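Trainee: Mind having a look at this structure? Questions to follow.
The values are calculated or read from the model by the stated rules, or taken from the named source; none is laboratory data. Since we're looking at a predicted model, the values are computed, not measured. Cβ sites come from the backbone with ideal geometry, for glycine too, and all protein chains shown count toward neighbours. The accessibility values were calculated without ligands, DNA or RNA, using every heavy atom of the protein model including side chains. Shrake-Rupley method; radii C 1.70, N 1.55, O 1.52, S 1.80 Å.
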Amino acid sequence: MSRETDEVREAIAGELRLMDPKVRGSRSLAQQLLDPDFVEVGASGRRWTCDEMLASMPEMDGAAEGGPRYEPSKFTGVLLAAGLVHLTYETTLDGNRARRSSLWRKQGPDATWQMYYHQATPIPPDSM
């Protein structure tokens, strides 16, 4: 169940920014949105650290201007605790679908929301 709080809306906005080719192609812009302790388990099963992701993101899918872009849908989110939001959603990129889960955290009143954890699971072509 989605609870549309300001915190959830801010986390969704951050998630959408991370799908923008301009952000994906810019280490400095992406770094603003990734927590220094960020970890991702990608659709391939690979585990990524923040530094590995920042170094690779400009070459990853969805980063090329004019290339295929992520098409997100079915966002749901919940504020788990002060400064911690859990999002789930689906994406389609170049015909490939994935279910995604992210944790966003905000540490301190003047801090910005940053992605702390992300996981992607491929959806088989014949699944609903």
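Trainee: How much accessible area per residue does the chain have, in Å², with a 1.4 Å probe?
Mentor: With all protein chains present, the chain gives 57 Å² per residue.
Trainee: Would you calculate the convex hull of the Cα atoms in segment 1-104 and tell me its volume per residue in Å³?
Mentor: 103 Å³
Trainee: According to a simple spin-label model (label point 7 Å from Cα along Cα-to-Cβ), what is the distance in nm between Thr121 and Asp6?
Mentor: Placing both labels 7 Å along Cα→Cβ, they lie 3.3 nm apart.
Trainee: From the helices alone, meaning DSSP H stretches of at least four residues, give me the mean residue ellipticity at 222 nm for the chain, per-run term -39500 (n - 2.57), in deg cm²/dmol to the nearest 500.
Mentor: Dividing the helical sum by the residues of the chain leaves -6500 deg cm²/dmol.
Trainee: In segment 46-128, which trypsin sites (Lys or Arg not before Pro) fall in coil by DSSP and have 14 or fewer other Cβ atoms within 10 Å?
Mentor: Arg46
Trainee: Which of the three applies to segment 40-94, rounded, prolate or oblate, going by the alpha-carbon gyration tensor with a ≥ b ≥ c and a/c under 1.5 meaning rounded?
Mentor: Oblate.
Trainee: When Lys and Arg each count +1 and Asp and Glu each count -1, what net charge do the other residues less than 10 Å away from Asp35, Cβ to Cβ, add up to?
Mentor: That works out to +1.
Trainee: On a full-extension model of 0.36 nm per residue, what is the gain between Thr92 and Leu80, subtracting their alpha-carbon distance, rounded to one decimal in nm?
Mentor: 1.7 nm
Trainee: Measure off, as a whole percent, the carbon and sulfur share of the 1.4 Å-probe accessible area of segment 51-120, all protein chains present.
Mentor: Ligands and nucleic acids excluded, carbon and sulfur give 48 percent.
Trainee: Return a whole-number percent for the relative contact order of the chain, with Cα pairs under 8 Å and 6 or more residues apart as the contact set.
Mentor: 27 percent
Trainee: Only sites in a loop by DSSP and with at most 11 other Cβ atoms within 10 Å count here; which GluC sites (Glu not before Pro) in segment 18-68 make the cut?
Mentor: The qualifying sites are Glu65.
Trainee: When the chain is modelled as a GNM with alpha-carbon springs shorter than 10 Å, which of Leu93, Leu84, Leu103 fluctuates the most?
Mentor: With Cα springs under 10 Å in the chain, the top fluctuation among Leu93, Leu84, Leu103 is at Leu93.
Trainee: Let me ask something else. Taking K and R as +1 and D and E as -1, what net charge do the other residues with C-beta under 11 Å from the C-beta of Glu65 add up to?
Mentor: +2
Trainee: Computing the accessible area with a 1.4 Å probe over protein heavy atoms, can you report the carbon and sulfur percentage for segment 1-43?
Mentor: Carbon plus sulfur share of accessible area: 52 percent.
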